[in-house]
Amino acid sequence: MKIRILISSAAILLILLAGCNIPGVLPDQVAGLPGVLPSNLRSEHVEMAARSVRAVSVASRPISDSEEYYVGRAVAARILQQYPLFKDSRLTQYVNLVGRTVALNSEKPNTYGGYHFALLNSQEINAFACPGGAVFITLGMLRTVHSEDELAAVLAHEVAHVNFRHGIDSISKSRWTDALAIIGTEAAKTYGSADVARLAGIFEASIDDIFKTLVVNGYSRGQEEEADRASLVYLARAGYNPKSMAGFLERLKASGRGSSGGLLDTHPAASDRLDEVRGSMPDRTVNPLLEQSRTKRFSSTVLF
């Protein structure tokens, strides 16, 4: 309905400016509509108007999976300008094992470019989910979790942000509309330098929108609560203990780090999140033998 309204509004405007705009009507069909179009209207006017309406229609569509992937890669590059990678193949492989396990049990087990998890060489307690499936956690975060189940809880939360496209939602809607209005024209293969420069500027500003959300401003409270609830489901499906999320938040609250610093600057206070998590906790029995095995794997891999 919104798309139809948008197209109709554009159609009215083009009728006023160009003398015609009837999407879906070919130029040679216009002559059969007496009283609608001026008699001196040229066919190129109709074609130009139709192209403009098609461009507006294209600009109303959501970002595709492939576009999300490339935007996410640019966001990841921006994060790596501020936080260097921690290059430890053994730890990185372990984090990917845990992260992909919870991702496989999410609503979107596969993304266009796949899920990729990496460590950042920073003592901040933080984690970032880039659009498309690139997820970073800091060494400070890895030192904060006390078990593989808690690590899984943190990664499941970030996977949920990817699933619900919270990062992409950070892009100003006007930027996306402007970009697709250019991309959607029939002259897309013959961009001029001004169009290229404008698209580059829009793309750069879109990356800034997402980066500021991830690193500075944080997601909305509703988005964080949605990610927390979804992460509990992923954990239960993957065989992890959903209560690990509550345990992690309880420890942050008790330590006084529940409302400031790193990840905790860009998320709701731990006490608020803890109440929501407790209220959404799934009823799931955890296999004690598997839990012991994970505990042993965590303690032998995460050595600080």
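Taken together, the values in this text are just the output of simple stated rules run on the coordinates, not laboratory data. Everything numeric here is computed off the predicted structure, so don't read it as measured data. Note: ideal-geometry Cβ built from the backbone for every residue, glycine included; neighbour counts use all protein chains shown.
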Output ³J(HN,Hα) for the range 204-220: one whole-Hz value per residue in order, computed from phi by the Karplus curve 6.51 cos²θ - 1.76 cosθ + 1.60 with θ = phi - 60°, and x for Gly and Pro. 4, 5, 5, 4, 4, 4, 5, 4, 5, 5, 5, 9, 10, 8, x, 6, 6
Can you tell me the FRET efficiency between residue 196 and residue 143 if r is taken as the Cβ-Cβ distance and R0 is 51 Å, rounded to the nearest 0.05? 0.70
Using 1/(1 + (r/R0)^6) with R0 = 22 angstrom and r between the beta carbons of residue 293 and residue 104, what's the FRET efficiency to the nearest 0.05? 0.75
Sort the following peptides by mean Cβ neighbour count (other Cβ atoms within 10 Å, averaged over residues), highest first: 85-94, 231-240. 231-240, 85-94
Quickly work out the residue 221-to-residue 283 label distance, labels modelled 7 Å from Cα along the C-beta direction, and quote it in nm with one decimal. 3.0
Can you give the local net charge around residue 148? Use residues other than it whose beta-carbon is closer than 12 angstrom to its beta-carbon, Lys and Arg +1, Asp and Glu -1. 0
With θ set to phi - 60° and the Karplus curve 6.51 cos²θ - 1.76 cosθ + 1.60, what are the ³J(HN,Hα) couplings of the range 147-162 in order, to the nearest whole Hz, using x for Gly and Pro? 7, 5, 5, 5, 4, 4, 5, 5, 5, 5, 4, 5, 4, 4, 4, 5
The range 282-293 - phi-based ³J(HN,Hα) in whole Hz, Karplus 6.51/-1.76/1.60, Gly and Pro as x: x, 8, 9, 8, 9, 5, x, 5, 5, 5, 5, 5
Determine, from the Cβ-Cβ distance of residue 123 and residue 65 and an R0 of 51 Å, the FRET efficiency 1/(1 + (r/R0)^6), rounded to the nearest 0.05. 0.90
Using amide H atoms built 1.01 Å from N in the peptide plane, name the residues 5+ places from residue 134, or on other chains, whose amide H lies under 5 Å from its own. 116
Can you pull the one-decimal nm distance between simple spin-label points at residue 208 and residue 82, each 7 Å off the Cα toward Cβ? 1.4
Report, by chain and number, residues whose modeled amide H sits under 5 Å from the one on residue 124, excluding near sequence neighbours (fewer than 5 apart, same chain). 140
Excluding residue 220 itself, what net charge comes from residues whose Cβ is under 10 Å from its Cβ, given Lys and Arg +1 and Asp and Glu -1? -3
